[in-house]
Protein chains: 2
Amino acid sequence: MRIERAQMNPIISPIHVTPSSPEMQVVSAFNAAAVSWEGETLLMLRVAEVPRNVADDEVAVPIVAHVDGSAHVEVRRFKRNQPGLDTSDPRAVLFNGEIFLSSLSHLRLARSKDGYHFAIDTKPALFPTEPYEEYGIEDPRMTVLEGRVYINYTAVSRYGVAVALASTSDFVTYEKHGIILPPENKNVVIFPERIGGRIVMIHRPATTGLGGQQMWLAYSYDVLHWGQHTPLMGKRPGMWDSIRIGAGAVPMRTDYGWLEIYHGVNDEQGYCLGAVLLDLEDPSKILARSNLPFLIPEAEYERTGFFGNVVFTCGAVVTEVEDESVVRIYYGAADQYTCRADIDLEDIIDSLHTPAVLVRPPVNLNEVPYPTGAACPIGE
Amino acid sequence: MRIERAQMNPIISPIHVTPSSPEMQVVSAFNAAAVSWEGETLLMLRVAEVPRNVADDEVAVPIVAHVDGSAHVEVRRFKRNQPGLDTSDPRAVLFNGEIFLSSLSHLRLARSKDGYHFAIDTKPALFPTEPYEEYGIEDPRMTVLEGRVYINYTAVSRYGVAVALASTSDFVTYEKHGIILPPENKNVVIFPERIGGRIVMIHRPATTGLGGQQMWLAYSYDVLHWGQHTPLMGKRPGMWDSIRIGAGAVPMRTDYGWLEIYHGVNDEQGYCLGAVLLDLEDPSKILARSNLPFLIPEAEYERTGFFGNVVFTCGAVVTEVEDESVVRIYYGAADQYTCRADIDLEDIIDSLHTPAVLVRPPVNLNEVPYPTGAACPIGE
């Protein structure tokens, strides 16, 4: 299998992005949703910003606050030597057990004819304005469904990490639809067509105990209200997706099934990309699953950055090149850059082992050494 | 305010309940949903059972397993002195970081003419049969909505702690509708009538970081698919509901607003009951909230049992006595017994302070000392 990183990677760097205000500085432009739209490739970038003018002895966190009913960015400052302050994770600032994010993310549109060179809007497409978005909006996915573009994203606030939805029909005006999945949840992808009359999503709740992090399906008739939540697949001890998993690109219809490119994390390799193939008629049926990832953080821009050893996709676009279907994977590298890698669709399919190893936490308790086995799937 | 515990409390004890099979022993009959139905008071009890015939040097956990497509109870056994085994919490068995429940719960119907003396069915009404119920089904609430009785309950499995729904129109046959809220979530109550055309619930997600445990609203058109998730209220540092909160009884329509009896936990008093009053037209508006609980574990059967210092309600019934509305609160005591306490509706209303103290995590960050204040609501 050959995966071809774009030679001009990273195709978008923070330096390319105009800050949302003169007081802010762009530190990351990454984890972009991707869609083919009227002959162009459109990316919806996650743009992370930090405050300018922070003294050397200070730590500053940006928050969306509401004054007189209107939202604006407010900066909270801590002395770097303040007892109780923990900045060991570059993504967060912990203060006496409270959690803040070190940057504030919004969503920004970028357009391209060739899928490499993008014109990036100078203004945000979607900015955190709601109380449930006060720490930012992150990691969008875009699904074109029945003529409208649905943009789901992670909404972060004191209320938790939840899944919110917006939509547009023209990429000029956007409508926010509120929270569609309560905390703690992220990594949602909505299928691009109804299956059996219903809209389908994959989501990834996180729990404090039983369950841990697993990928689930949910179903809807109107894209706003979701039910029939069904466990889909869990992590696999000892494999590339042993520590974390979550859906990545919006599922792609192929002749073989729904192809879902997802991320997995293990201690050695960090955030990698692999795939799972789901039955076209019943996506709760797993047909095959990568036993090895096909994209691993290896390039310098993937290994070093805001948060290193990460390749993470929120969108891919399929194009036809000389009778071959090529998947252009847009992905975030090191939580800082936007990159592209191309891979033949057939190569991905060929790489999937059938049957998949430990496709899901087994339903039949007799199928695995349990509870004495080390591979017990609870909490995995 | 006078709250009157039934003199015959506990009105239902485990000894009153026939085991679901000869191999099992009932250890708790508690946390019952309650509803007035055709002139009777119906309780849907949570019945917790443990395996019989466990040797002194053994610990046994009951699990629902599937063999040849049918569910049956299977017992897993550990040697009590096995390294890695932790039985310090009577509700759970931890083994090398994996979580099992020490008992298996199902739901059982009980009927009464006077609300004190209950005839308890000898067979379960709802038994855990689904993969997402393998560790049991717990803490039901019943809502009569447009002629049908909806029973939501906590479904526990390796997939997490989720909210499932069943329904009945006759308490003879029941239909299961699957998971309506993904993990981690519990303490769901569905309002007994539509508000503005929509069905409304209160739910209580739990998160690993931001958010912690807060009560949320959600909305539905069909009771199966839920959306428009909206934060409702959080815990209050230093008060009776500082550590945990969750909805209890199904909301009751009063002249003053929707009366919701909920549980709060603090270190000193354990699980207590208080109330919150929500606007009739817009239940996201909090009108008043108990600054002190009105039911505290004080009786012997509340302080000592399977898990002591707990009063916990899943249902209450309003009756008219000499022109007074009396709320009969059915509640679980010490995670073992079912009890009843009566309180005048007007007394509850009078006890609610207006305005409520720290009704919810404030939206305006300027309203509270934040983030330097000790009472910062994030994670609360």
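Structure data summary
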read-out	value
Sole residue being at pLDDT below 95, of a type in the set (A, V, I, L, M, F, W, C), loosely packed, with under 14 Cβ neighbours inside 10 Å and out of contact with any Phe, Trp or Tyr (no Cβ under 6 Å at 6 or more places or on another chain), chosen from B:A356, B:A374	B:A374
Flag for B:H203 being more than 20 Å from the chain's Cα centre (by Cα) and facing chain A (nearest Cβ under 9 Å)	no
Qualifying positions in the range B:17-32 - assigned to a loop (DSSP other than H, G, I, E, B) and among the small types (G, A, S)	B:S20, B:S21
Extreme residue, surrounded by the most Cβ atoms within 10 Å (Cβ to Cβ), among residues of the range A:184-200 that are within 10 Å of another protein chain (Cβ to nearest Cβ) and closer than 19 Å to B:V163 by Cβ	A:N185
Hits in the range A:279-305 (condition: more than 26 Å from A:W216 (Cβ to Cβ) and either out of contact with any helix residue (DSSP H, G or I) (no Cβ under 9 Å at 6 or more places or on another chain) or assigned to a strand (DSSP E or B) (or both))	A:E298, A:A299, A:E300, A:Y301, A:E302, A:R303, A:T304, A:G305
Enumerated strands (runs of 3 or more DSSP E) restricted to the range A:156-203, each holding at least 1 residues that are free of Cβ contacts under 8 Å to residues at least 12 places away in the same chain	A:175-181
Residues of the range A:251-273 satisfying the condition of being among the aliphatic types (A, V, I, L, M) and either part of a loop (DSSP other than H, G, I, E, B) or within 26 Å of A:E320 (Cβ to Cβ) (or both)	A:M252, A:L259, A:I261, A:L273
For A:V276: the one exception among (1) touching a Ser or Thr at 6+ places or on another chain (Cβ under 8 Å); (2) closer than 27 Å to A:R194 by Cα; (3) not in a strand (DSSP E or B)	(3)
Residue identified as at pLDDT below 95, of a type outside the set (D, E, K, R) and surrounded by 16 or more Cβ atoms within 10 Å (Cβ to Cβ) among B:H66, B:H72	B:H66
Test for A:G160: is it at positive phi, facing another protein chain (nearest Cβ under 7 Å) and surrounded by 18 or more Cβ atoms within 10 Å (Cβ to Cβ)	yes
The range A:218-250: number of residues that are assigned to a strand (DSSP E or B), of a type in the set (V, I, T) and over 19 Å from B:L165 (Cβ atoms)	1
Checklist (1) at negative phi; (2) more than 14 Å from chain A (Cβ to nearest Cβ); (3) surrounded by fewer than 24 Cβ atoms within 10 Å (Cβ to Cβ) applied to B:T129, failing item	(2)
Residue identified as surrounded by fewer than 24 Cβ atoms within 10 Å (Cβ to Cβ), facing another protein chain (nearest Cβ under 9 Å) and touching a strand residue (DSSP E or B) at 6+ places or on another chain (Cβ under 6 Å) among A:L217, A:L181, A:L224	A:L224
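The rows are residues; the columns are (1) over 19 Å from B:I343 (Cα atoms); (2) at pLDDT below 95.
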| site | (1), (2) |
| --- | --- |
| B:P283 | yes, no |
| B:I296 | no, no |
| B:E302 | no, no |
| B:F307 | yes, yes |
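The values are calculated or read from the model by the stated rules, or taken from the named source; none is laboratory data. On a predicted model such as this, the values are computed, not experimentally measured, just so you know. Neighbour counts run over all protein chains shown; Cβ positions are idealised from the backbone, glycine included.
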